[in-house]
Amino acid sequence: MRIEVQGAIKQFGQYRALDQLDLHIPAGEMVAILGPSGCGKTTLLRIIAGLESLDHGMLCFDGVEATHTPVQERRVGFVFQHYALFGHMTIFENVAFGLRLKPRKQRPAESVIRKRVLDLLAMVQLEPVASRYPAQLSGGQRQRIAFARALAAEPRLLLLDEPFGALDARVRHDLRQWLRQMHALVPVTTLFVTHDQTEAVEVAERVVVMKQGRIEQIGTMDELHANPASPFVADFMGGANLFHGRMENGTTRIGEILLESAPFQASVADAASCSPVICIRSHDWQLGRQPNGQRTWHTVVRHLRPSGAVVRLGLESLQGAGSIDVELTREQYDKHRFQPGETVFALPTQVRIFTDAPKGSVVPN
Amino acid sequence: MKRTVHPDGVSLTLGITLFYLGLVVLLPLSLTILKSLQPGPELFWQIFTSPRVLAAFQVSFFSALTAAMINGVLGFLTAWVLVRYPLPGKKILDALVDLPFALPTAVAGITLAALYSPTGWIGSLLARIGIPVAYTPSGIVLALTFIGLPFVVRTVQPVLQAVDGGLEEAAASLGAGRWQTFWRVTLPTLIPAVLTGFTMAFARGLGEYGSVIFIAGNRPFVSEIVPLLIITHLEQYDVIGATALAMIMLAVSFLLLLLINLMQAWMSRRYPV
């Protein structure tokens, strides 16, 4: 099902959870809504589900307005972070719940319900627990049952609110793989909320990044990494160093470091001075023991964290730019084998400068 | 021999608990039992089967049961309102619930009797439409309802507060309307707590004396409760008769409470929350 949200506003007392938000989700996609806590992502999900109502704005499903449709009639499957399974019912009855509620005329025969429930339990690989109670299952199993329950009544839309938030890392990883397979099997439009960007990478086709009740950027994970629309996105995606610089008479400085960024100067020629944010990703650095031209940064190695295929270095600028995270491949690192305390010259290979203007411009260095 | 050491002091706490229960509960009760065994089984049976005693037992159990059932419903409703609705002055309402605990039961009885007697404010209105309350079994039920209300409210309230809001939202997203959600999801989650409150209100109602005697009228075969009968025996220096009655009351109450507890255990095995 296609979803459109237009001019959505939702206010809780002083806190504006959604602020003139527009969103379009094509049918059949698996989309992650990503953002820090308090950005309004759960509110957006709950409004789409019908568990919350909009103060202003409009919500359409497949082009039909659904702003005031009660939750019961929306045919959405909702999966909660804490499973919300019915503790007094067996697993079988939990999954059958949505089917048994249908009005007598639409309700499938008992044998049909039974087959449907057992099929779903087989799909989530939990057939043997049909007669148990939720309290007898592990967290990962419960969440799979919650999925099966949500899918039982054939929803047009599947909404997941931090579905893996209460599980440990190993189970979380398995369930993400599993969710992707599920989506390939049952290609229902799926929206899931998360604050964990690795989760978004592993599961979603597209990612919606939210900040303070608005959408900051939409794109594939690759697009967001390669082309962040704002320092916030760059920072939230991880793996980026943000510096606060000064711009005067067309030159940009961070501390004592001068950034030569000719193409950029032209675009803000009318801004005589401002305070831009400079973003350099942690893998966009070349390190050496010799200065490499005027643009190299003078730094000292503070700490070293080898982790598998990459080595992370914590550098500190000797020119007042603060600390810098650098990620080298094992191969790059083995060439030099820098040690803590050592002075290192760092050359950024790609610098992105954000002024107050919404779009940052790429500066080839 | 190696002694098992419990790091959390289990043996100490267990010892204190057993000593305390023995001193406060078991000792007086076993004395009652011993005393009641003195007259021998025949007299015992004679006392139990006398029509007046049987009638008193009937009044006691049925009024306590009725009151506990009324409280099961109304106490549940009160807890629901206190937890779910944003009311002005809710804190005051919440404090009011505990008043029947704090009030001397005799005060409650006298007040209720004054209100519901044929000349009282409410009693005169009810008498006009032919429903006498004071000095009838309905009066007993009224007093016991007043006394037992806090038990149900105070057991249901915290459980209701802790009900995961997600449960009801999940039911709604699966297509359940308000009533379906209530009957199929919310109520079954709360039933064990309601049953606990009901049991406590019922047990309290069985033993209640102070508030009942003022409003019951205490007519033999109609509105005479067992605790009153026990006091009557004692006032006539018939200690043996009194303890025999007490003994029967104890046995029946214990059986009933055991039954309800077993029911609860069965339910919590079925619905492990």
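FYI, it's all coordinate maths here, none of it is from the lab. Computed from a predicted structure; not experimentally measured. All Cβ positions, glycine included, derive from the backbone under ideal geometry; neighbour counts span all protein chains shown.
Reachable aspartates and glutamates from A:LYS41, Cα under 17 Å, same-chain residues fewer than 8 places away excluded? Straight-line reach from A:LYS41, under 17 Å: A:GLU4, A:ASP19, A:ASP22, A:GLU52, A:ASP55, A:ASP161, A:GLU162, A:ASP196, A:GLU199, A:GLU216. Cross-link reach is defined here as a Cα-Cα straight distance under 15 Å, omitting same-chain residues fewer than 8 places apart; for A:LYS102 the aspartates and glutamates meeting it are A:GLU73, A:GLU93, A:GLU110, A:GLU154. Bridging of B:LYS35 to aspartates and glutamates at a Cα separation below 15 Å is possible for B:ASP238, once same-chain residues fewer than 8 apart are set aside.
What are the DSSP H helices in chain B that stretch 27 Å or more along their long axis, judged by alpha-carbon atoms, and whose average Kyte-Doolittle hydropathy comes to at least -0.5? Before the final figure, lay out each step's value.
Details: long enough: B:51-84 (48 Å, 1.36); B:137-162 (38 Å, 1.35); B:187-207 (30 Å, 1.23); B:239-270 (46 Å, 1.63).
Qualifying helices: B:51-84, B:137-162, B:187-207, B:239-270.
Exposed loop sites are taken as trypsin sites (Lys or Arg not before Pro) in a DSSP loop (any state but H, G, I, E or B) with at most 16 other beta carbon atoms within 10 Å; the longest stretch of chain B without one runs B:4-273.
Amide hydrogen proximity for A:GLN217: with H placed 1.01 Å from N in the peptide plane, the residues at 5 or more positions away or on another chain lying under 5 Å are A:VAL209.
Restricting the calculation to Cα atoms, every distinct pair contributes to the Kirkwood radius of the stretch A:164-218, found to be 12.3 Å.
Rounded to the nearest whole Hz, the Karplus-based 3J(HN,Hα) values (6.51 cos²θ - 1.76 cosθ + 1.60, θ = phi - 60°) of the stretch A:93-101 follow the sequence 5, 4, 5, 6, 3, x, 6, 5, 7, with x at glycine and proline. GNM remark for chain B: springs join alpha carbons under 10 Å apart, and the peak mean-square fluctuation among B:LEU12, B:LEU149, B:LEU258 falls on B:LEU12.
For peptide A:64-76, the mean count of partner chain Cβ atoms within 10 Å of a residue's Cβ comes to 2. Annotation for A:ASP334 and B:LEU27: the two label points, set 7 Å from Cα along the Cα-Cβ direction, are 8.2 nm apart.
Counting only DSSP beta bridges with both residues in the protein assembly as shown, the antiparallel share comes to about 80 percent.
A cut-off of 5 Å between modelled amide H atoms, ignoring neighbours fewer than 5 places along the same chain, links A:SER282 with A:ALA240, A:ASN241. All C-alpha pair distances within the protein assembly as shown, sorted into 10 Å bins from zero, spread as 3, 12, 16, 16, 14, 14, 11, 7, 5, 3, 1, 0 percent across the bins. When the Gaussian network model of chain A links Cα atoms closer than 10 Å, the mean-square fluctuations of A:ALA309, A:ALA346, A:ALA234 top out at A:ALA309. Peptide A:45-53 has a mean of 2 when you count, residue by residue, the C-beta atoms of other protein chains within 10 Å of its C-beta. Springs join every pair of Cα atoms under 10 Å in this Gaussian network model of chain B, and among B:SER50, B:SER223, B:SER124 the largest mean-square fluctuation is at B:SER50. Between the Cα long axis of helix A:110-123 and the first principal axis of chain A there is an angle of about 20°, rounded to the nearest 10. Computed from Cα atoms, the angle from the helix A:139-152 axis to the main principal axis of chain A rounds to 60 degrees. Between 0 and 90 degrees, rounded to the nearest ten: what's the tilt of helix A:169-185 against the longest Cα principal axis of chain A? Long axis of A:169-185 versus the principal axis of chain A: about 60 degrees. The calculated 222 nm mean residue ellipticity attributable to helices in chain A amounts to -8000 deg cm²/dmol, summing -39500 (n - 2.57) over DSSP H runs of n ≥ 4 and dividing by all residues. Phi angles across the stretch A:307-316 convert, under the Karplus curve 6.51 cos²θ - 1.76 cosθ + 1.60 with θ = phi - 60°, into 3J(HN,Hα) values of 9, x, 6, 10, 10, 9, 10, x, 9, 10 Hz, Gly and Pro given as x.
With θ set to phi - 60°, apply the Karplus curve 6.51 cos²θ - 1.76 cosθ + 1.60 along the stretch A:24-38 and write out the HN-Hα couplings as whole Hz, x wherever there is a Gly or Pro. So the J values, rounded to whole Hz, are 10, 10, x, 5, x, 8, 10, 10, 9, 9, 10, x, x, 5, x.
Dipole of chain B, Cα-centred, from +1 at each Lys and Arg C-beta and -1 at each Asp and Glu C-beta, to the nearest 20 debye?
On the way: 15 positive and 11 negative charges, 85 e Å.
Roughly 400 debye for chain B.
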